[in-house]
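A quick write-up on the structure given underneath.
The values are calculated or read from the model by the stated rules, or taken from the named source; none is laboratory data. Computed from a prediction, not measured in an experiment: that's the story for all the values here. Neighbour counts are summed over all protein chains in view; Cβ atoms, including those assigned to glycine, are modelled from backbone coordinates with ideal geometry. These accessible areas exclude ligands, DNA and RNA; they are computed on the full protein's heavy atoms, side chains included. Shrake-Rupley method; radii C 1.70, N 1.55, O 1.52, S 1.80 Å.
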2 protein chains.
Amino acid sequence: MPNPIPSQNPSFGDMDPEAFRAYGKQVIDWIADYLSQPDKYPVLSRAKPGEVKAQLPAAPPAAPEAMGAILADFDRIIMPGITHWNHPGFFAYFAISGSMPGILAETLIAALNVNAMLWRTSPSATELEEVVLDWLRQMVGLPDAFEGVIADTASMAAVLAIAAAREALGLGIREQGMAGRPEVPRLRMYCSEQAHSSIEKAAILVGLGQAGVRKIPVDAEFRMRPEALAEAIQADRREGWLPFCVAATVGTTSTTSIDPVPAIAEICEREKLWLHVDGAYGGSAAIVPELRHVLAGCDRADSIVINPHKWLFTPIDFSAFYIRRPDVLKQAFSLIPEYLRTAEGDAGTVKNYMEYGVQLGRRFRARKFWMIVRTFGAEGMAARIREHVRLAGEFAGWVDASPDFERLAPTPLSTVCFRARPAQSAGADLDRLNESLMEAVNATGKVFLSHTKLNGVYTLRLAIGNIRTAEAHVAEAWGLLQENLERLTRYN
Amino acid sequence: MPNPIPSQNPSFGDMDPEAFRAYGKQVIDWIADYLSQPDKYPVLSRAKPGEVKAQLPAAPPAAPEAMGAILADFDRIIMPGITHWNHPGFFAYFAISGSMPGILAETLIAALNVNAMLWRTSPSATELEEVVLDWLRQMVGLPDAFEGVIADTASMAAVLAIAAAREALGLGIREQGMAGRPEVPRLRMYCSEQAHSSIEKAAILVGLGQAGVRKIPVDAEFRMRPEALAEAIQADRREGWLPFCVAATVGTTSTTSIDPVPAIAEICEREKLWLHVDGAYGGSAAIVPELRHVLAGCDRADSIVINPHKWLFTPIDFSAFYIRRPDVLKQAFSLIPEYLRTAEGDAGTVKNYMEYGVQLGRRFRARKFWMIVRTFGAEGMAARIREHVRLAGEFAGWVDASPDFERLAPTPLSTVCFRARPAQSAGADLDRLNESLMEAVNATGKVFLSHTKLNGVYTLRLAIGNIRTAEAHVAEAWGLLQENLERLTRYN
């Protein structure tokens, strides 16, 4: 029988577990203090370009350094260059939160450090992934015909969707590729002109090119116009394109507009196109019973992505990709070299998630969602999202009631698009004024807003999604906007 | 001025920070205990398919549950389904370790939860990424012409490399795509028949198809044969293919063979092909001065990937992708929608990493490597890798000296390929015997080996890379192999 294992040469091992225990508790204390008061930091970092880098050694240390010194440098050098996504005044892009149960989960994920590529490389990772994806599917009310796989980001989920749609064409693209084959015509997919840039990036990646993405015009509320989609498909067919996929969006990035998925699904069914729904942000709202309508028609989609790391309090990254025909995804991506063959995989008694995506290395992300849903409860998560939508409605009401501001888009979810338009602004350059206003409020360190352009007009966005954002923070943002607008126009 | 912010409705916020503090410390204690003795668990999980899932509720909880209950379920339900990558007897695939400083870093990464997509969304994340990638570049001795970007996995790095190579062709593929264009011939790339499956998967993804990857035969030591590569390129040109990229491997998955990169680089320069080097595993060895030769010729590559999450003690995921012409990568992938435009990005004074890859959502991974290199020191990391290589050499020696075992490949790094071939085995089915032997030793719970096939022969692999693996563990594996072989052959 094997000998008892003596302790190894300490110069070769990991950190001493007792040192880890002590520093780990320091780290936990630091985080508890930090998250009790993230608003003691300016939300948008005030670091100048190169300022952080200038304080870091250009060469790696040859010898070990003390953990105390590393953590001190974290406070001294790294923290001033952090933009605080945890700050309740973070209203830019889409506000996200990696909630505390998610942080505990990430700690345990890193400690276990399993690769969820094969079932056998940790059965719990694979089976928990199946379970929590099904929990989320139930929470948003999608039919059980959808099977899920965790992708890192919605960008990659778009890649998976388009690659699956391409595979479903039956043109042998997996085997023979796309170029130099007279039997493969130019492929075209469709999304609205308000779709996220990741759709176009995915199309570039899989070889469609930018020309392979036709952007369909939107209506006055920034939603894809289905009749324009239908016409585009017809026109493209006449010109020799092969239409194969539509990406509809539930919650576009600029305005959170919701494409009319039922009408789009109708067209996709008639034309036999793959329907992917990008619900990265907006899909989460469907966990609120009275907002479930945002996913109307999505039961007819071929694939859909919802990002728990956006609006379901999950630390990045975690993107839930659902597909009605997982066999097509597997057909597109499964490659099993001998060194990854297993008896249970050959027997088909387990799911090996590596067969359903691009990356072989897969973190045990399922753990996060499991701990978060259990900590808050599905109803608790819905209550938080409901509150965010209510807060956005309040802010939109203030904008609408003000003589100096105007709303530039409907507010179906928790993001308000607006701009300053002071009563006495005739002739003023409103784009420049609003850019200055955004810079001014962001410079206070109390709020961070970002912008977009709608119909060519510079538009401010206030996106509510942080778990710590309460009415007072939204009111503070409104106060800062009014106050800074007054200051800016007074000296104009 | 804004009002002081009252504390928000507690039913809407995050977990209570004091509860987080208490449970966080429990989690740290759990991890310290676990990592003091990961070998008290069986390394390969003994869970049966479906066993974990059967213990989990099929529907999400509506109401909040106590963190104590969640952590208890973790121990009771999840842990039995974990395969312990931390176990010093983990010798399967490539053994990895998420070292303790890496775990502390992941905890802080989750707590900050920044998205490193734009410089302004956390200047420290972008600038630390630049710094630590340059540290690693120096550690492995690559020239400073290489610029880095962190990818999640080597699978994605292969995608980036091939997409950049495709873009460098100047065929307008980003704009016009690959299909239905007579001016775009069939594209072909090359790798050895021992290359990782992720190369082929990446090729499928970007539209080359499996036919677009020509696998070059290897020599007796499983290294790409450069003269066969040169001939293949010539033959393909004659047949109308457009050769454009070669993926060489430094440390193949089956045997860790090292392709002759200098000769391959010569061919690529002559033929004007993009040279990508997959050094996901083997590249790390170059931090050991006397092993630096593994990257010989890689200074002439166009791109190279090295995975700190494989052999540099970094929790997954973290893949360092280096490219000599980052402008080409940017040209392939940069898309800047209005909502992601920033003044500093427009001015070109900062790097916005989202322009250099597929995913917009990017974790603050740089922090991990920063803490790990500082904790161990570059020389300390090299000492650990040197020891792993020494241990593999020891094991290889035992195999070579045994009448009952034989080595099936050279051992240039820390992975030994071998099989049992008992002296009295004439006529025995050696493939079946070795499969049974692997199952038998894996069933002990003390070691986990995986297999491959070399020249059609079932081959056992013992891969050393875990930070906790010491000579005694390797000796234990050898003891178990001998003992189980004797048992298996005795009753044959």
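Miscellaneous remarks
- Options A:Leu242, A:Leu275, A:Leu291; residue that is over 19 Å from the mean Cα position of the chain (by Cα), assigned by TED's automatic domain parsing to the domain that holds A:Gly212 and buried (at least 24 other Cβ atoms within 10 Å of the Cβ): A:Leu275
- Filter result (more than 9 Å from chain B (Cβ to nearest Cβ) and free of Cβ contacts under 8 Å to residues at least 12 places away in the same chain) within the range A:134-168: A:Asp144
- Counted residues, the range A:414-461 - those being aliphatic (A, V, I, L, M), at pLDDT 95 or above and over 25 Å from the mean Cα position of the chain (by Cα): 8
- Selection from the range B:54-72 of residues that are open to solvent by 60 Å² or more (accessible area, probe 1.4 Å) and within 16 Å of A:Leu136 (Cα to Cα): B:Pro57, B:Ala58, B:Pro64
- For B:Ile372: the one exception among (1) in contact with a Pro (Cβ under 9 Å, 6 or more places away or on another chain); (2) in a loop (DSSP other than H, G, I, E, B): (2)
- Of A:Leu187, A:Leu169, all but one fail to be under 14 Å from A:Cys245 (Cβ atoms), more than 23 Å from the chain's Cα centre (by Cα) and surrounded by fewer than 20 Cβ atoms within 10 Å (Cβ to Cβ); the exception is A:Leu169.
- Residue within the range A:92-100 that is open to solvent by 10 Å² or more (accessible area, probe 1.4 Å) and among the polar types (S, T, N, Q) present: no
Residue by residue, here is whether (1) more than 11 Å from chain A (Cβ to nearest Cβ); (2) open to solvent by 10 Å² or more (accessible area, probe 1.4 Å) holds:
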position: B:Ile304; (1), (2): yes, no
position: B:Leu335; (1), (2): no, yes
position: B:Arg365; (1), (2): no, yes
position: B:Glu379; (1), (2): no, yes
position: B:Glu387; (1), (2): no, yes
position: B:Gly397; (1), (2): yes, yes
position: B:Ala401; (1), (2): yes, yes
position: B:Phe405; (1), (2): yes, yes
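- Residue that is buried (at least 20 other Cβ atoms within 10 Å of the Cβ), out of contact with any Phe, Trp or Tyr (no Cβ under 7 Å at 6 or more places or on another chain), modelled with pLDDT of 95 or more and closer than 30 Å to A:Val416 by Cα, where the choices are A:Gly282, A:Gly251: A:Gly282
- Residues within the range B:465-491 that are open to solvent by 10 Å² or more (accessible area, probe 1.4 Å), within 7 Å of chain A (Cβ to nearest Cβ) and not in a helix (DSSP H, G or I), tallied: 2
- All positions within the range A:106-131 that are at the interface with another protein chain (Cβ under 8 Å from one of its Cβ atoms) and either touching a strand residue (DSSP E or B) at 6+ places or on another chain (Cβ under 8 Å) or within 24 Å of A:Gly283 (Cα to Cα) (or both): A:Glu106, A:Glu127, A:Leu128, A:Glu130, A:Val131
- Considering residues of the range B:431-460 that are among the hydroxyl-bearing types (Ser, Thr, Tyr) and under 16 Å from B:Tyr93 (Cα atoms) only, the residue surrounded by the fewest Cβ atoms within 10 Å (Cβ to Cβ): B:Tyr458
- Pairs, first over 21 Å from B:Ser198 (Cα atoms) in the range A:340-356, second among the polar types (S, T, N, Q) and surrounded by 19 or more Cβ atoms within 10 Å (Cβ to Cβ), C-beta under 7 Å, six or more apart: A:Val350/A:Thr126
- Residue pairs whose Cβ atoms lie under 9 Å apart, sitting 6 or more positions apart in sequence or on different chains, and linking a residue in the range A:84-105 that is within 15 Å of A:His451 (Cβ to Cβ) to a partner that is of a type in the set (A, V, I, L, M) and part of a helix (DSSP H, G or I), are A:Phe91/A:Val474; A:Phe91/A:Ala477; A:Tyr93/B:Leu340.
- With respect to the conditions (1) surrounded by 22 or more Cβ atoms within 10 Å (Cβ to Cβ); (2) within 30 Å of B:Pro61 (Cα to Cα), A:Val43 falls short on a single one, namely (2).
- Residues in the range B:115-139 that are among the β-branched types (Val, Ile, Thr) and surrounded by fewer than 24 Cβ atoms within 10 Å (Cβ to Cβ): B:Val131 alone.
- Inside the range A:218-235, residues that are within 30 Å of A:Ala179 (Cα to Cα) and touching a residue at least 12 places away in the same chain (Cβ under 8 Å) make up a count of 5.
- Search result, residues across the range A:18-29 that are out of contact with any Gly (no Cβ under 9 Å at 6 or more places or on another chain) and surrounded by fewer than 18 Cβ atoms within 10 Å (Cβ to Cβ): A:Glu18, A:Ala19, A:Ala22
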